[in-house]
Each structure stands twice: as structure tokens, then as C-alpha cells.
1. Take the alpha-carbon centre of segment 126-205, take the same for segment 29-107, and report the distance between them in whole Å.
2. Which of rounded, prolate, oblate describes segment 163-302, given a ≥ b ≥ c as roots of the alpha-carbon gyration tensor eigenvalues and a/c under 1.5 marking rounded, otherwise prolate only if a/b is larger than b/c?
3. For segment 11-69, what is Rg from Cα atoms divided by 2.2 N^0.38 Å, rounded to two decimals?
4. Taking N as the number of residues in segment 1-126, what value does Rg over Cα atoms divided by 2.2 N^0.38 Å take?
5. How big is the shadow of the Cα convex hull of the chain, averaged over all directions, in nm²?
6. Is segment 67-176 best put as rounded, prolate or oblate by its Cα gyration tensor, with a ≥ b ≥ c the root eigenvalues, rounded for a/c under 1.5, and otherwise prolate when a/b is larger than b/c, oblate when not?
7. Of A293, I266, I332, which is farthest towards the positive pole of segment 244-383's charge dipole, taken about the Cα centre with +1 and -1 on the beta-carbons of Lys, Arg and Asp, Glu respectively?
8. Mind jotting down the distance between the C-alpha centroids of segment 312-345 and segment 212-240, whole Å?
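The values are calculated or read from the model by the stated rules, or taken from the named source; none is laboratory data. None of the values given here were measured: they were computed from a predicted structure. Note that each Cβ is placed from the backbone with ideal geometry, even for glycine, and that neighbours are counted across all protein chains shown. Note: areas computed on protein heavy atoms with side chains; ligands, DNA, RNA excluded. Shrake-Rupley method; radii C 1.70, N 1.55, O 1.52, S 1.80 Å.
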Amino acid sequence: MLWTAAGVATLGFLIALEIAARRYGLPGPITNQAREVIFAPKSGFLLYAGMALMMVVLTWRQRFIAAGVAIGIDVAIFLVRWSVDAEVTTGHPFGNGALWVILGYGVIAVTRRTGRERVLLLKAVGLGLLLVTGRKTGDAWLLITSKTRPAVLDQYVATADHALGNPSWVVGRMVAATGPIGAHVLDYVYVQLAMAAVIVAMYQLRDVAVERRFPRHHLVRTFLVIGLLGPGIYMIFPVVGPVFAYGADGGHWAVSNIWPNTAPPIITPHHMPFDEITPRNCMPSLHTAWATAIFIHSRRGPRILRCAGAFWLIATLGATLGFGYHYGADIIAGVVFTLTIESALRSLDRGWDRSGIQLVTYSATVFAALLLSYRYLPMEMAEHAWVFGPLLILAMTSVIHLYVRTTRLWDPKAAPTRQPTPQPELV
């Protein structure tokens, strides 16, 4: 019943987004996903990642067959496009086969499986589809933010960011100094964040095919909830980012073209109008939130996975700041946002108790306090940076400390190995 209710709620949410997007003359997430059955997908890598998640319930033989079928379909579609001279101008020329396989296993689950096996396979199909549909949902959300929020709060966040030393301007100059190599590496990390999440999730779900059940908590759940709730904050706190509000990418809408060479002056901030194209997707930084979730869930993996999780978090922070997509204030809010969601999901799984309620309440309170301070105390933060800068770092660190301390108590402790009792020997 819980999975049915979640499925119905998800479908209703997608339909609502589809209707909202149609009001602005653009296709919504359902239409965009349906088009990728035939037309070139926006991200073929993401579709294959979704198929990989779906295959965690299959045997190795079934996985090889599914992968072979997906590649064969992609080759066939490629040959058809080539024969009719249909050049792929946007997106990737592959990925349709992966979507066909995911949908095909959904049909198999309904028609050829029964009982627990049907439920298990449907969960896997839903997991794969949610990953790829989440991207379409995000695109629709970003469209809605740009159309419904004509004024942005960048001046407030930029002013408050003086308390942190204007990190976007600092890191932006550092990335520019590395040349094209550093920029390309960070750009790849930034764009392929979902692939990193799939790698960690595949490790967490590695035993599903044997145990015939999903673990109670895994990265994909946190990833999807972040993507579901985050855009709602965009609507409350619309911000476009320094490269648009203070850089060349903002065109004539920008306050000035000073990013990343000159920090903005400390002046009384105001709402500023902006175009109806640029997404208001800065507060909080969801890329930071997702990278933080990847880091948290990689901690229980092998050494190479832990190192990869740490690298992805550091490189994502470098990309979000260095490309001018986010302010330092967005980063702090993104970390606290993730820990709040992660705490709530873990508390929901293990049953709400006093420690879980305290952790979620404190994290949510700190997150709300951050947003309120950015909005109503930016001048005080900028003029007293030596006070508010450490306070912002301390607030984030306190949430991290409480999360680590609380979750360590939740984690099961291994039973100590019993030593054999020494026996007397015959003399």
C-alpha cells in the first residue's frame, strides 16, 4: 500500500508539472520522457545509469541479456537515423535502447511475474524510471521558476556572502588560472553527478539480487527527495547566481560585469528584475546537496569508493563556486539541507525517537535561520564579517557534528569476538 500510494503521488506530481509547463507553451516531464523512446535523448548516459539501477534485481545472465538488447536497439535506431539522414543535433545518439529495456521489464513484471517477485521487479523498474524522470522533472521546475519569479534576491545573497569572503569570486579566479584543463575536469564532474550517485547506489544495492529485497535506506532515496523538495525552496528564495547577476552571462539584466575579478560593493540590497529564461536555482545549491549525499553514503564502502566520494564532493564545490553558479551562502545551505533530509529519512526507517526528532528539528531550524539571515540581515553580515562569517561556519559544523554523533549511536555495533576459555591440560 505504501509503494502504491507513493506511485500515485508521484504520478499526480508529474501530471501537475506537465500541466504547469504546458501553460507556458513547453512540453512537460512526461512528454519529454515519452519522446526519448524514439528521438535522441538528452542524456544517454543517464538512461543507461537508470537501466543499471533496474538490473540490480536480475541475475548476471539476465543482466548481460538486457545490456545486449539495449545496445542492439541503439545500434538499430542509429542505423535507421543514418539511412534517412536524420542527424542528431542535440542530446546523445544513444540511450533509447536502455529506456526500451526498462519499460520492457515493467511489462514483464506485470504479465510474467507474481507475488513478491512482481513487486521486487516493479520497484526496480520504478527506481530506474525515477532516476531518468527526475532529470525531466528538474527541467520543468527550472522553467517554472524562471517564469513565475520575475525578481531575484541575488543582491541580498551577494551582500551576505561578504561574511564568507566572497568565495565564488576567489574560486572563480583560481579556476580561470588553471586554464582549460581544470575547467574541463570540473565541468565533467559537475555534469556527471548522477553517474557518481549511480556508482555508489550500485554498491549499496549489490546484494538485492541474492537477498530479493531492497535495503531500508540507500542513496537513491535521498537523491530523489533532495530533487523533489529543493525546487520548492527555489520558489521561496529565487537566486540566479553570480555569473548571471554580476557576470557577462547575465547580459543587460546583470547589475554589473565584475565576476570574478572584482567583488561587489557593500550597498543596501534590493530585489532585482531578471529575464524569463535563466533558472532561479541557487538557494540552496542542490549540486552541493547531492554531492554531500554521495559523500555520506560512500563512507561505508571500500577505500576507493570513499576516496571517490570525497573527490566528487570537493570537485563539485570547486565547480559550483568556480563557474559562478553559486555563492558561498548557497553551499552552506546545501550541506545543511542534505543533512536534514538524510536525518529525516533515517529516522523514518528506524522509527522516530527522541534523538531523531532532535536531530531533524535542529537541522531544519538551522536551515531556516540561514535563509532568514540571508534575506533580512545581509548588511549586518557584510559589515560585521568577522562575527557572522565564523557563525555561519559554526552553524553548519554544529549540524554536521550532531548528525555524526547521533547516527553513530544508531549504527549497529559488531558483537565482540568471544575468546575461547582456557582448558586445563593433563600433566
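1. 25
2. Numbers: a/c = 2.90, a/b = 1.90, b/c = 1.52.
It is prolate, given that a/c is not under 1.5 and a/b is the larger ratio.
3. Details: Rg = 15.2 Å, N = 59, 2.2 N^0.38 = 10.4 Å.
Working it through for segment 11-69, the quotient is 1.46.
4. Numbers: Rg = 16.2 Å, N = 126, 2.2 N^0.38 = 13.8 Å.
Its radius of gyration relative to the 2.2 N^0.38 Å reference: 1.17.
5. Values: hull surface 116.5 nm².
If you wrap the Cα atoms of the chain in a convex hull and average its projections, you get 29.1 nm².
6. On the way: a/c = 2.81, a/b = 1.79, b/c = 1.57.
It is prolate, given that a/c is not under 1.5 and a/b is the larger ratio.
7. Highest projection toward the positive end goes to A293.
8. Computed from Cα coordinates, the inter-centre distance equals 13 Å.
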